[in-house]
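Step one of this worksheet: look at the structure below.
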Amino acid sequence: MSAIVVRWVPVSERARFVSFAFQGASLGTVVALPLCGWVLQSWGWEAVFHVSGVLSLVWTAAWWLLVFDSPDQHPRITAKEREFLSEHLEPVKAEPPPVPWLAALRSRQFWLGNLAGIGNDWGFHTFFNLGPKYMKTALGFDLKSSSWLSSLPFLSQYVFAMVYGSLADLLLQRGVRLVTVRKVSVVVSHLLPVVGLLVLAYSGCNAVLSVVVLTLSVTMIGAVTSGFFQTPMDIAPNFAGVLTGVMNGLGSITPVLSTPLAGAVLQSFQEAPQVGWRYVFWVSAAMYVLGAVPFLLFYRAQVEPWNDEDKTGKRPADLQLKDLKAQEA
């Protein structure tokens, strides 16, 4: 998706599109929870897999028929659309060269995005996996018993992401710097959920407050698609797909670590479970902060030189001339 976005969507419209596309996972959760429950009750558990499989095949057919790598390859695009995109998109190579792994792994901007991604994934899985468990074991409130309540945080996240993405694009169109939009988005997606985690840590036995805080915190995470998530697209559009894969891969490690760590902490505080949960939420809050602060301090949202290097390690002449003129100015 990231590889396609840089070839199809101008930067000034990218937050809306990325929010719409990637937050489809949240909307899918909203639809799937009640739909699968209804299918299971009506036709049995096997039908859940059959319905899911058929929907996947329908989506796959639509993907093959409607999606193309670039505007130049689309058989039904209008001349006006192609002209608009050629004027508003930064040049991306049709056939990217081999990934400059050494340069990418030495890139501070890339690692700032990775750190923000790790912090976000750690916090999200705390809310998603451990939040309902906290509600049930510590507060005696089974959040998963209601498909509506289970879906509410993801529905609100989807709506918020769409609204926030539109606002982010509007700010860019009004002249706000790209790096400013990225950093404000990280404040919303990382630091505001920290407040939610601290409230959960000290909310006592207030189940209603915990549900509200859990919902609002997951909602704020919707800003990620306008923030750090676009780091690969910002710094290396020619390699956005593979770098996004690396970033997502690193983030996917977090539940493997956070879940057993939380289990060990709660096991150590069996006689005082509220204290154990407090430590779990504090660790998650710390991960959010550790991922957000370096990004806020040092991220520049600028294309890296190695994005346009050829196999010899040299930049194209037109880019070198552009840099020279920029230095002279």
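Give me Rg/Rg_expected for the range 143-242, where Rg uses Cα atoms only and Rg_expected = 2.2 N^0.38 Å with N residues.
It is 1.26.
From a point 7 Å beyond the Cα of Ala47 in the direction of its Cβ, which residues of the range 4-39 have a backbone N at a distance under 20 Å?
In the range 4-39, the label zone of Ala47 (backbone N under 20 Å from the point 7 Å along Cα→Cβ) covers 31-39.
Based on the Kirkwood radius over alpha-carbon pairs, what is the Stokes-Einstein translational diffusion coefficient of the range 60-194 at 25 °C with 0.890 mPa s viscosity, in µm²/s?
After rounding, the answer is 126 µm²/s.
In Å², and per residue, what accessible area does the chain have when probed at 1.4 Å with the other protein chains present?
Solvent-accessible surface per residue comes out at 53 Å².
In the chain, how many lysine pairs have Cα atoms under 15 Å apart, counting only pairs 8 or more places apart or on different chains?
4
Carbon-plus-sulfur fraction of the accessible area of the chain, 1.4 Å probe, in percent?
Carbon and sulfur atoms account for 67 percent of the accessible area of the chain.
Connecting C-alpha atoms closer than 10 Å in a GNM of the chain, tell me which of Ala103, Ala201, Ala236 has the biggest fluctuation.
Result: Ala103 has the largest fluctuation of those listed.
Show me the helices of the chain, taken as full DSSP H stretches, that run 24 Å or more along their long axis by Cα and average -1.0 or above in Kyte-Doolittle hydropathy.
Working: long enough: 24-43 (26 Å, 1.18); 45-66 (32 Å, 1.24); 108-125 (26 Å, -0.31); 147-173 (39 Å, 0.97); 273-298 (39 Å, 1.19).
Answer set is 24-43, 45-66, 108-125, 147-173, 273-298.
Test of understanding: in a Gaussian network model of the chain with alpha carbons linked when under 10 Å, which of Phe84, Phe229, Phe128 would top the mean-square fluctuation ranking?
Among Phe84, Phe229, Phe128, the largest mean-square fluctuation in the Gaussian network model of the chain belongs to Phe84.
What number, rounded to the nearest 500 deg cm²/dmol, is the helix-based mean residue ellipticity at 222 nm of the chain, given -39500 (n - 2.57) per DSSP H run of at least four residues and division by all its residues?
The helix-only estimate for the chain comes to -22500 deg cm²/dmol at 222 nm.
Counting only Cα atoms, I'd like the Rg/Rh figure for the range 15-108, Kirkwood definition for Rh.
Reported Rg/Rh, Kirkwood definition of Rh: 1.13.
What label, among (i) 38, 26, 17; (ii) 29, 26, 20; (iii) 41, 21, 19, belongs to semi-axes √(5λ) of the Cα gyration tensor in Å computed from the structure on display?
Evaluating semi-axes √(5λ) of the Cα gyration tensor in Å on these atoms matches (i).
Treating only the Cβ atoms of Lys and Arg (+1) and Asp and Glu (-1) as charged, compute the dipole magnitude of the chain about its Cα centre; round to the nearest 20 debye.
In total the dipole reaches around 480 debye.
The values are calculated or read from the model by the stated rules, or taken from the named source; none is laboratory data. Note that the structure is predicted; figures quoted are calculated from it, not measured. Glycine also receives a Cβ, built like all others from the backbone with ideal geometry; neighbour counts cover every protein chain displayed. Side chains included, ligands, DNA and RNA excluded: accessible areas come from the protein's heavy atoms. Shrake-Rupley method; radii C 1.70, N 1.55, O 1.52, S 1.80 Å.
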